[in-house]
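Worksheet for the structure shown next.
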Amino acid sequence: MTATFLILAVLTVAGTAAAMGLRNAVHCVLALTVGFAGVAALYLQLDAQFVGLTQIMVYVGAVAILAVFAIMMTHSPTPVPIPAYSTRWALGGVVAAAVFAVLAWAICSSSASSQILPPQPDINVQQIGEALMHQYVLPLEIMGLLLTAALIGAVVIAMDRKEEIK
Amino acid sequence: MSSLQSYLLLSALLFSIGLAGALTRRNAILVLIGIELMLNAANLNFIAFWRFGPTPSKLTGIMFAIFSISVAAAEAAVGLGIILAAYRHSKTTDLDQMNSLKG
């Protein structure tokens, strides 16, 4: 465990915890981008450069912007501010802590996690592209179909139907 | 403490933070973000297991992570669309007030 990993881990956990804990929703999304960027840096640390850059483009670029737009479009000034947490927030916190305890127990007691680090693989983008176009071409096409369906579906769901009636 | 173990523990912590957010927040958009965080934790596990696995030159973990990121992006787009539609219907994103199906 290196100092780089520790710094990135602290940054990622702080960003995501702030994203789930702050009261202002826009601040939450800003903290979330820090967390996503930290995860991307962890991918780079694990020699998965392509996935790290994809993470930055998709999550920091697209998902965070989408969330900010959704927050802006659903923002309505109310006389009484809505509380940030649910009425039974303590129960949710206990469930999440229990899940973490079980996962940590399983990880610490597993023999699989005592792996030593294999030598660094020389993966370049050309190999990933060739694998996507040969071995994984069917999943790639299905993914394209899924993304198209999701795009059309999101537009249809979010469309304002009152304008059609007029 | 081995390095794979530290990555797995970090991933479990990210998953729990996302779960806590999804269970405790009242804003529907932040609940969706919590689900995205849980998916991110799973991706981190894919990459960590790929890197520490016996054959990291086989690209399996990278492919899993790429497809998982694509599905998560589609899920975010459709989820936010559903939240916008629900907001137009009930004029709120507060999940405690979206109770019109409650018996």
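The values are calculated or read from the model by the stated rules, or taken from the named source; none is laboratory data. These numbers come from a predicted model, not from an experiment. Cβ sites come from the backbone with ideal geometry, for glycine too, and all protein chains shown count toward neighbours.
Values computed for the structure shown
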read-out: Selection status of B:Leu44, crowded, with 21+ Cβ neighbours inside 10 Å and either over 18 Å from A:Ala112 (Cβ atoms) or in contact with a strand residue (DSSP E or B) (Cβ under 9 Å, 6 or more places away or on another chain) (or both); value: no
read-out: Failed condition for B:Ala72, given (1) farther than 24 Å from A:Phe69 by Cβ; (2) under 11 Å from the mean Cα position of the chain (by Cα); (3) more than 7 Å from chain A (Cβ to nearest Cβ); value: (1)
read-out: The stretch A:81-123, subset in a helix (DSSP H, G or I) and polar (S, T, N, Q), residue surrounded by the most Cβ atoms within 10 Å (Cβ to Cβ); value: A:Ser113
read-out: Test: residue in the stretch B:27-34 that is modelled with pLDDT under 90, buried (at least 20 other Cβ atoms within 10 Å of the Cβ), at negative phi and not in a helix (DSSP H, G or I); value: yes
read-out: Test: residue in the stretch B:43-64 that is under 24 Å from A:Leu32 (Cα atoms), in a helix (DSSP H, G or I) and of a type in the set (Ser, Thr, Tyr); value: no
read-out: Cross-chain or 6+ apart pairs with Cβ under 8 Å, the stretch B:81-94 first and over 14 Å from B:Arg25 (Cβ atoms), then surrounded by fewer than 17 Cβ atoms within 10 Å (Cβ to Cβ) and charged (D, E, K, R); value: B:Arg88/A:Asp160
read-out: Breaking point among (1) more than 9 Å from chain B (Cβ to nearest Cβ); (2) in contact with a Cys (Cβ under 9 Å, 6 or more places away or on another chain); (3) free of Cβ contacts under 8 Å to residues at least 12 places away in the same chain, for A:Ala18; value: (3)
read-out: The stretch A:21-30, residues that are buried (at least 21 other Cβ atoms within 10 Å of the Cβ) and touching a residue at least 24 places away in the same chain (Cβ under 8 Å); value: A:Ala25, A:Val29
read-out: Residue in the stretch A:114-135 that is among the hydroxyl-bearing types (Ser, Thr, Tyr) and either at pLDDT 90 or above or closer than 24 Å to B:Leu19 by Cα (or both) present; value: no
read-out: Some residue of the stretch B:40-56 being facing chain A (nearest Cβ under 7 Å) and among the hydroxyl-bearing types (Ser, Thr, Tyr); value: no
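Here is a yes/no grid of residues against (1) within 21 Å of A:Ile157 (Cα to Cα); (2) modelled with pLDDT under 90:
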residue: B:Phe67; (1), (2): no, no
residue: B:Ala73; (1), (2): yes, no
residue: B:Val78; (1), (2): yes, no
residue: B:Lys91; (1), (2): yes, yes
residue: B:Asp96; (1), (2): no, yes
